[in-house]
Amino acid sequence: MTIQWYPGHMAKARREVTEKLKLIDIVYELVDARIPVSSRNPMIDEIISNKPRIVILNKADMADEKVTKKWLQYFHEQGLQAVAIDSQKGIGLDRIMDLSKERLHDLFSKMQAKGIKPRAIRALIVGIPNVGKSTLINRLAKRNIAKTGDRPGITKAQSWIKVGKELELLDTPGILWPKFEDEEVGLKLAATGAIKDEILNLQDVAVFALRYLIQHYPERLKSRYQFESFSDHVVEIFDHIGKKRGCLMSGGLIDYDKTAELIIRDLRTMKLGRISFEEPDGKE
Ligand code: G4P
């Protein structure tokens, strides 16, 4: 679903998350492992404030493992607990529980010392649209919870989903907006499929992706599209891919829209392997 974010929506989304924070012990901040910064809400620290938090790098199955390791280290150095998971297959989910217990150990010990009966940890999943919030909720719940839609403002009575005996999740996640005023962030969100294709020009997204791949994953490009070397001109690169893959218009001219679509589809379906579009050391 394409969402239009307006100042009113943003304020409402933020209000809804802030309200939910009162009900829970810990926030699970979901980000896309391929773009852990660009898939974050720009005001997340302010919104979550001092509530305990775990950063969850979702879709780790699609990200470059080596880069993901660096990101985990990066968040650790920022004083945040972080874990990489694949919500679709349910890989890494146990670690979320372990980290939650670790993080809340002191708080729960204090509650116990005050005579408060031990209870399950209460958590809220937050993140930008399409980052995998519903998939993770369903995985943890081991059933299909209906998606309420990526629209801030669709409210319903809060209910809790029990995950074993030790965890309770709010059944509706907190939906936050990405930093879309930054053009590069927009391109990364589009390349990874976080925003719909109608929003940005597909050729721009493909050019951005190609430039990144030439710099960081040249071998993958070479073997997928049989390059011997890369031209400095992106049009020539497009021409080469278009010709190799038969994206032609009548008269043999390259169909750039079709070529761009093919490149993006190859990326999203992992035909180019596991790719991360951001590294913590700022290597762009
Ligand atoms: P949201 O609630 O945050 O908006 O996201 P949602 O769970 O709907 O997930 C968005 C898309 O991302 C879905 O794909 C979902 O299957 C996919 N996804 C979620 N987590 C993971 C993961 O860890 N790995 C991979 N590879 N994909 C993940 P979709 O194509 O929109 O729908 P579907 O037909 O696949 O369900």
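Is one or more of the residues making up the range 117-126 within 15 Å of the ligand (Cβ to nearest atom), more than 13 Å from the chain's Cα centre (by Cα) and under 18 Å from Glu29 (Cβ atoms)? Scanning the range 117-126, I find at least one residue that is within 15 Å of the ligand (Cβ to nearest atom), more than 13 Å from the chain's Cα centre (by Cα) and under 18 Å from Glu29 (Cβ atoms), so the answer is yes. Tell me, yes or no, whether the range 174-191 has at least one residue that is farther than 21 Å from Arg40 by Cβ and under 19 Å from the mean Cα position of the chain (by Cα). No, the conditions are met nowhere in the range 174-191.
Among residues of the range 80-109 that are at positive phi and surrounded by 15 or more Cβ atoms within 10 Å (Cβ to Cβ), those with a Cβ under 7 angstrom from a residue that is β-branched (Val, Ile, Thr) and not in a helix (DSSP H, G or I), sequence gap 6+ or separate chain, pair up as Gly92/Val83; Gly92/Ile85. Any residue at all in the range 250-264 that's part of a helix (DSSP H, G or I), modelled with pLDDT of 95 or more and polar (S, T, N, Q)? Yes - at least one qualifying residue is present in the range 250-264.
Given the condition within 21 Å of Ile56 (Cα to Cα), under 21 Å from the mean Cα position of the chain (by Cα) and among the small types (Gly, Ala, Ser), answer yes or no: does some residue in the range 194-217 qualify? Yes: the range 194-217 contains one or more residues that are within 21 Å of Ile56 (Cα to Cα), under 21 Å from the mean Cα position of the chain (by Cα) and among the small types (Gly, Ala, Ser).
Just one of the listed residues (Phe75, Phe108) is among the aromatic types (Phe, Trp, Tyr) and touching a strand residue (DSSP E or B) at 6+ places or on another chain (Cβ under 6 Å), namely Phe75.
Glu279 meets the stated requirement of being more than 21 Å from Asp197 (Cα to Cα) and either in contact with a Gly (Cβ under 9 Å, 6 or more places away or on another chain) or modelled with pLDDT of 95 or more (or both).
The values are calculated or read from the model by the stated rules, or taken from the named source; none is laboratory data. Remember, it's a predicted structure, so these values are computed and weren't measured experimentally. Using ideal geometry, Cβ is built from the backbone for each residue, glycine included, and neighbour counts are taken over all protein chains shown.
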